[in-house]
Amino acid sequence: MTERDLEIYLRDLLKEPKYLVVVDDLWQREAWESLKRAFPDSKNGSRVVITTRKEDVAERADNKGFVYRLRSLSQEESWDLFCRKQLDVRAMVSAMERLAKEMVDKCGGLPLAVVVLSGLLSHKRGFEEWQKVKDHLWQNIKDDSSEVSCILSLSYNNLSTALKQCFLYFGIFPEDHVVHVNHILWL
């Protein structure tokens, strides 16, 4: 199907029923301009929700639309989330707690970064191992900016070789593709 045929098909399909479509992680206004023609405005309460990290994309996507700005977690909320995801908070000595608070602050209030960091640290035992994680974070996060990709890569880098290979095999498959266990085992 050509892009134009797909647009016509989608438009016809969505003419009558009420729909809700979520376009996730839009990076360019032009991408939305080419997509929006496929969504008819039948005045029946249908909605299209766009998520983006780019404020200019959100503001220019639709002049009748509403831009909802998600707030980052506060330091207290971030710490609470970190503690709830830890396997054993009681095992943290005060020096580890101070170290963890510094790292949580470096996550910039982003829940995904806090959860990944907590998961990573819950498998590290002792102050020295936590210090290594912190040193790695400080080395790779520059100018006090929050880099979730750095925290995610740190989590990936701490996987065993077998798990890294298994994880990478999933990159072969298209998004939302059903993956059978036997196929992954065979790979």
message: Within the range 89-118, take every residue that is out of contact with any helix residue (DSSP H, G or I) (no Cβ under 6 Å at 6 or more places or on another chain) and of a type in the set (G, A, S) and give me the one that is farthest from R71 (Cα to Cα).
response: A91
- prompt: Which of the residues that make up the range 52-82 are under 29 Å from E33 (Cα atoms) and among the charged types (D, E, K, R)?
  reply: R53, K54, E55, D56, E59, R60, D62, K64, R69, R71
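Matching residues to (1) open to solvent by 30 Å² or more (accessible area, probe 1.4 Å); (2) within 12 Å of S78 (Cβ to Cβ); (3) modelled with pLDDT of 85 or more; (4) assigned to a helix (DSSP H, G or I):
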{"position": "V104", "(1), (2), (3), (4)": "no, yes, yes, yes"}
{"position": "L112", "(1), (2), (3), (4)": "yes, yes, no, yes"}
{"position": "L117", "(1), (2), (3), (4)": "no, yes, yes, yes"}
{"position": "L120", "(1), (2), (3), (4)": "no, no, no, yes"}
{"position": "K124", "(1), (2), (3), (4)": "yes, no, no, no"}
{"position": "S155", "(1), (2), (3), (4)": "yes, no, no, yes"}
- request: Among the candidates R53, R60, single out the residue that is under 19 Å from the mean Cα position of the chain (by Cα), open to solvent by 70 Å² or more (accessible area, probe 1.4 Å) and either under 27 Å from V114 (Cβ atoms) or of a type outside the set (A, V, I, L, M) (or both).
  value: R53
message: Residue under question is V148, and the condition is that it be among the hydrophobic types (A, V, I, L, M, F, W, C) and at pLDDT 80 or above; does it hold?
response: no
Any pair with Cβ under 9 angstrom, 6 or more apart, that starts in the range 154-174 at a residue that is within 21 Å of V133 (Cα to Cα) and ends at one that is modelled with pLDDT under 75 and among the charged types (D, E, K, R): none
- request: Within the range 80-90, track down each residue that is of a type in the set (D, E) and either at pLDDT below 90 or in contact with a strand residue (DSSP E or B) (Cβ under 9 Å, 6 or more places away or on another chain) (or both).
  value: D88
- prompt: Since R37 meets every condition but one in (1) open to solvent by less than 100 Å² (accessible area, probe 1.4 Å); (2) touching a residue at least 24 places away in the same chain (Cβ under 8 Å); (3) touching a helix residue (DSSP H, G or I) at 6+ places or on another chain (Cβ under 9 Å), which condition does it not meet?
  reply: (1)
message: Looking at the range 11-33, can you tell me whether even one residue there is part of a helix (DSSP H, G or I) and either under 29 Å from L117 (Cα atoms) or among the hydroxyl-bearing types (S, T, Y) (or both)?
response: no
Residue identified as in contact with an Asp or Glu (Cβ under 9 Å, 6 or more places away or on another chain), assigned to a strand (DSSP E or B) and either open to solvent by 100 Å² or more (accessible area, probe 1.4 Å) or at pLDDT below 90 (or both) among V67, V48: V48
task: Would you be able to say whether some residue in the range 91-99 is within 27 Å of D25 (Cβ to Cβ), modelled with pLDDT under 90 and open to solvent by 50 Å² or more (accessible area, probe 1.4 Å)?
output: no
- line: In the range 70-87, anything in a helix (DSSP H, G or I) and either touching a residue at least 40 places away in the same chain (Cβ under 8 Å) or among the aliphatic types (A, V, I, L, M) (or both) is listed as L81
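The values are calculated or read from the model by the stated rules, or taken from the named source; none is laboratory data. Since the structure is predicted, the reported quantities are computational estimates derived from the model, not experimental observations. Cβ coordinates were reconstructed from backbone atoms using ideal geometry, including for glycine residues, and neighbour counts include every protein chain displayed. Protein only, heavy atoms only, side chains kept; ligands, DNA and RNA dropped before computing areas. Shrake-Rupley method; radii C 1.70, N 1.55, O 1.52, S 1.80 Å.
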